[in-house]
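Quick notes on the structure that follows.
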Amino acid sequence: MIKTAEELSLFIDHTVRANETAQAKEFLARSASDRQALLLTSEYYTNLPEVSDEALLAIKPLRKRRGLGLFVLETASHHYLAISDSDEARILGEYQVEDLPAELLAHFGFKDNAAFKADCPEAATLSDLRAFTSRGHCPVCGVAEGEIHLLGCPVEICPWCDGQLTRCNCRFEQLGVEEIDEERLEMFEDLLEAKGRIPYSREQSPAYPGTSAGLDQG
Ligand SMILES: [Zn+2]
Ligand SMILES: [Zn+2]
């Protein structure tokens, strides 16, 4: 469950060892403007499996695909593996030790847990979440600036109407149909490619996560 920065600050006062509370709050202040960081921080301070009194010092993205990300949560002496989408975060276990469940292996394209672990670099070599949240990547589908969003990403802008591609009516108008099935979706994708899709740029991002109401409304 996501907490506000104020709530987390209270958690820190109660759970983090005294000599690390200042660092914990400094990290919280830096990450509070990023929803995913706040989700992961909330998860860390409220649901950490072992009782820990260490400050969370860094969040490092490991993998991102279709809005689902694997992250390494770093403390002074531990690294935890966590998973998060834009609504939820969960600590899976110790980084480089914990196995991924089968569905996550499949989602991130790993053959098995040996392949996953072979692809888990030393945490010290991973860059901080700031690299991710510098608007260099789409906050939902994770593509880099200048790349085309994964189809279905709610941040993608429609090249016909400049609206939100997942919400506007252009797909129906362009295809001259009332309903979309998988085959028609592929036809629409072809039309979209021909028209020229609008790649991710950081200007598309500032409204997020403030647009969540817009994403949810039917
Ligand atoms: Zn996107
Ligand atoms: Zn449109």
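Hey, can you rank 175-185, 118-128 by average C-beta count inside 10 Å, highest first?
My ranking of the peptides, most packed first, is 118-128, 175-185.
Under the √(5λ) rule applied to the eigenvalues of the Cα gyration tensor, what semi-axes describe the equivalent ellipsoid of the chain? Give them in Å, descending.
Equivalent ellipsoid semi-axes, largest first: 36, 20, 14 Å.
Express the relative contact order of the chain as a whole percentage, based on alpha carbon pairs under 8 Å and six or more residues apart in sequence.
The normalised contact order for the chain reaches 14 percent.
Could you report the stretch 137-211's accessible area per residue, 1.4 Å probe, as an integer in Å²?
Per-residue value: 57 Å².
Based on alpha-carbon centroids, what's the gap between the stretch 1-33 and the stretch 36-78 in Å, whole number please?
Value for the Cα centre distance between the two parts: 13 Å.
Keeping the other protein chains in place, figure out the carbon and sulfur percent of the accessible area of the chain, with a 1.4 Å probe.
Carbon and sulfur atoms account for 49 percent of the accessible area of the chain.
When you have a sec, figure out the Kirkwood radius of the stretch 45-151 from all distinct Cα pair distances and drop it here in Å to one decimal?
14.6 Å
Given only helices, namely DSSP H runs of n ≥ 4 each adding -39500 (n - 2.57), what is the per-residue ellipticity at 222 nm of the chain, to the nearest 500 deg cm²/dmol?
Helix-only estimate at 222 nm: -10000 deg cm²/dmol.
Determine, from the Cβ-Cβ distance of E182 and E94 and an R0 of 41 Å, the FRET efficiency 1/(1 + (r/R0)^6), rounded to the nearest 0.05.
Step by step, r from the Cβ atoms, then E = 0.50.
Packing-wise, with mean Cβ within 10 Å as the measure, how do 92-103, 76-87 rank, highest first?
Top of the packing list down: 76-87, 92-103.
Return one whole number: the accessible area per residue of the stretch 5-133 in Å², for a 1.4 Å probe.
49 Å²
The values are calculated or read from the model by the stated rules, or taken from the named source; none is laboratory data. Predicted model, so just to flag it, every value in this text is computed and none were measured. Reconstructed Cβ throughout: ideal geometry from the backbone, glycine too, with neighbour counts over all protein chains shown. With ligands, DNA and RNA removed, areas are computed over all heavy atoms of the protein, side chains included. Shrake-Rupley method; radii C 1.70, N 1.55, O 1.52, S 1.80 Å.
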